[in-house]
Amino acid sequence: MAESESLLARIYEPGDLKTLSFPELNQLAREIRHVIVSTVSRNGGHLASNLGVVELTIALHLVFQSPQDKIVWDVGHQCYTHKLLTGRAAEFASIRTAGGIAGFPKTAESPHDVFNTGHASTSISAALGFLAGDRLAGGQHNAVAVIGDGALTGGLAYEALSHAGQLGFPLVVILNDNKMSIGRNVGGLSKYLSRLSMKSYYQSFRRHFDAMAKRLPFFGDIFFAAVVRLKRAVKAVFYTDNFFVDLGFEYVGPIQGHSIQHLAEVLRDVRALKRPVVVHVITHKGRGYEFAEHDPGTYHGVGTFSVGAGVPGPAEGWRDNSFTGAFSRAILDAARKDGRIIAICAAMGKGTGLEPFKKEFPHRFFDAGIAEGHAVTFAAGLAARGMRPVAAIYSTFMQRAVDQVIHDVCLQNLPVTFALDRSGFVSDDGETHQGLFDIALFRAVPNLTLLAPASEAELAAMLDWSLAAPGPCMIRYPKGNCPGACPPDEDALYRPLEPGRGVWVRGGEGSAETVPGTCLAFTGSLYQQVMAAAAILDTRNIHVDCYNLRFLKPVDEAYLAGIMNRYGLVVFIEEGVKSGGFGEYAAELGSRQNCRGKVCCLAAGNSFVPQGKREELLRQAGLDGQGIADRVSTLHNSIEQR
Ligand SMILES: Cc1ncc(C[n+]2csc(CCOP(=O)(O)OP(=O)(O)O)c2C)c(N)n1
């Protein structure tokens, strides 16, 4: 379409929507879908969720006055139309790339992004806080939380609903119900919402009633609130219960979520209500792009793809060589041998590699929904009953369940295994999704064993080890390729685990020519980077020994102190924040035990890390092969010169 014909090119801010007729707004929705599909095909991103809310977003911006009225996008992965309508159409091509606009709402990016999101179920709390603050400051603005039926499975959302019902502020909660989380939504709530949607006789009554009420001069508007109360009374005849109403909300819906005009009419009425209200909107995830409509789960989050051909399926004989793939195979092997092994995820069955487990052991697989805290305590209960639960949760989302790990699992020393996927730098999603805090968060917790594999064999050995351990274990691994066999020290990574100790993957005990030289001690995810650094250092005539830590906790302190005594320089290299990390602990151990060697820590800085590819982020942090080699050269030379 020529630039002059483009309606999107005429939208600089949401107020511009008011200049368009409804047919033009429908045309705008088509343009937006086109832009989203072509951009995501190039950059990757959350496709299906965004395609499902195009009309809803246009209607919201038509009726509410952003940024004075606050629109909070739950999870935030569905904010692309919002970004396009709020002055970022020109930069949209850069979405999710390093230095480009973010794939999630980001307050630093625009005043229309009123709250940073990325983790699910925060929108109702945040919007309620805005509203309470606004009223305390004497304001009269609106606040809207847009939350999906998936995000509504998170406990935080219920805490907020309960509080909002009690406060009575005119909070608008848009429940974007597409029956999907990443995959099909699970749990009692999703059944409940379907039941609400299916009351067609009520729907038909409601439509006629609305039309009639609107036709009455004056009454339609003036007595809208009274009409809503009356409808609620009528609804009580049809429904035996309505959870939202019982909490103190008005409940409107379910309404069809792809008619801008209808949505705008309903939202105007809702805005006039001046009471807490849940608007239940039915949308189609993936709408407007056939591949995504038919398989919204696959198209929830995608890499690059061809618009015409869609996302390619796995090639014949494809093997998932990531750490996730290695975990997926290892847990299946373990489960075949031990009927007590139970797999648990929190709405991330596919992402954590548990789909094959679910297929083979459907009764031993549990998807808790977007409810990490519950998933962890549920695992604790299973362990207390003698099962061997494995909870597979991304590092960033485990932040939600720190208390449950400490209070429900570790305090009772229950044998729960945590498979912490996406630990370390995570590509594309930015600050909210980095897995850089887990070492600092969990190293301090008593009873917990913290393990970091460097290879497929090591991951499997650690899983087996943890499944036989008497207490809780956490295995952290990155989103990245997982080495299979590990040259150059052929079988180093196959050696059996020794509690508290790592393994030498280059030189080490007995390599007299390098002692007292330099030792690189690292967390497993950086194995490939450290080996690359060692090779670069060889070319500079600096020969280093490399020690894969394996156990980040507990540590055989005498053994580690021995290393720090033998080597002139020990550099700890970890994929996590420096503060509270392994290196800091080791430095304290070295000083406590008067170790002779100089100790240094290479780690992620203590700031939030924006979006980029993992390799780029490692490079920026100086944790790629080149960066490590350069830092070690400098340290080595400074010691030589002393
Ligand atoms: C605390 C937390 N756990 C897991 C996720 C991963 N996640 C991102 S989107 C999503 C599904 C959201 O479903 P829903 O809210 O229904 O939105 P939809 O994508 O269907 O529009 C999940 C599980 C997350 N963002 N936050």
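Any read-out appearing in this document is the output of simple, stated calculations on the displayed coordinates, not a laboratory observation. Because the structure is predicted, anything quoted here is derived from the model rather than measured. Virtual Cβ from ideal backbone geometry, glycine too; neighbours counted across all protein chains shown.
A few remarks follow.
- Normalised by the number of residues in the chain, the average gap of Cα pairs under 8 Å and 6 or more apart makes the relative contact order 11 percent.
- On Cα atoms only, tilt of 557-566 relative to the major axis of the chain in degrees: 60 degrees
- Prolate/oblate/rounded call for the stretch 542-642, Cα gyration tensor, a/c under 1.5 rounded: oblate
- For Q68 and H34, a Förster radius of 41 Å and the Cβ-Cβ distance give a FRET efficiency of 0.85, rounded to the nearest 0.05.
- Within the shell of other residues whose beta carbon sits under 14 angstrom from the beta carbon of H112, the net charge comes to -2, with Lys and Arg scored +1 and Asp and Glu -1.
- Each label point was placed 7 Å from the Cα along the Cα-to-Cβ direction; for E91 and V311 their separation is 2.7 nm.
- Two-site FRET efficiency, S259 against D630, from Cβ-Cβ distance with R₀ of 51 Å, rounded to 0.05: 0.30
- Cα gyration tensor shape for the stretch 267-382, rounded if a/c is under 1.5, else prolate or oblate: oblate
- Modelled label positions at E616 and E290, each set 7 Å beyond Cα in the direction of Cβ, lie 3.4 nm from each other.
- Reciprocal of mean inverse Cα separation for the stretch 1-142 (Kirkwood radius, Å): 15.6 Å
- Three-way shape label, the stretch 328-412, alpha-carbon gyration tensor, a/c 1.5: oblate
- A Förster radius of 22 Å combined with the Cβ-Cβ distance from L273 to D241 puts the calculated FRET efficiency at roughly 0.55.
- Peptides 72-85, 384-397, 302-315, 101-114, ordered by how many other C-beta atoms sit within 10 Å of their residues on average, highest first, read 72-85, 384-397, 101-114, 302-315.
- Over the stretch 304-395, Cα pairs under 8 Å with separation of 6+ residues give a relative contact order of 29 percent.
- Between the alpha-carbon centres of the stretch 147-180 and the stretch 388-467 there is a gap of 29 Å.
- Highest-first arrangement of 595-606, 429-440, where packing means the average Cβ count within 10 Å: 429-440, 595-606
- Cross-link check: pairs K337/K578; K285/K358; K578/K613; K106/K553; K83/K358; K358/K479 evaluated at a Cα-Cα cut-off of 28 Å; pairs beyond the cut-off: K337/K578; K106/K553; K83/K358.
- Helix 527-539 vs. the chain, principal-axis angle (Cα, 0 to 90°, nearest 10): 50 degrees
- Computed label-point distance, nm, for sites N594 and D16 using a 7 Å Cα→Cβ extension: 7.2 nm
- nm² value of the averaged projected area, convex hull over the Cα atoms of the chain: 32.3 nm²
- Couplings for the stretch 448-465, taken from phi via the Karplus curve 6.51 cos²θ - 1.76 cosθ + 1.60 with θ = phi - 60°, read 7, 9, 10, 10, 9, x, 10, 8, 4, 5, 5, 4, 5, 5, 5, 5, 4, 4 Hz in order; Gly and Pro are left as x.
- Crossing angle, helix 372-384 versus the chain [Cα axis fit, 0-90 degrees, rounded to tens]: 60 degrees
- Normalised by the number of residues in the stretch 54-108, the mean separation of alpha-carbon contacts (under 8 Å, six or more apart) gives a relative contact order of 33 percent.
- Helix-derived mean residue ellipticity, 222 nm - over the chain, DSSP H n ≥ 4, -39500 (n - 2.57), to 500: -12000 deg cm²/dmol
- Contour minus Cα-Cα distance for E509 and N637 (0.36 nm per residue): 43.7 nm
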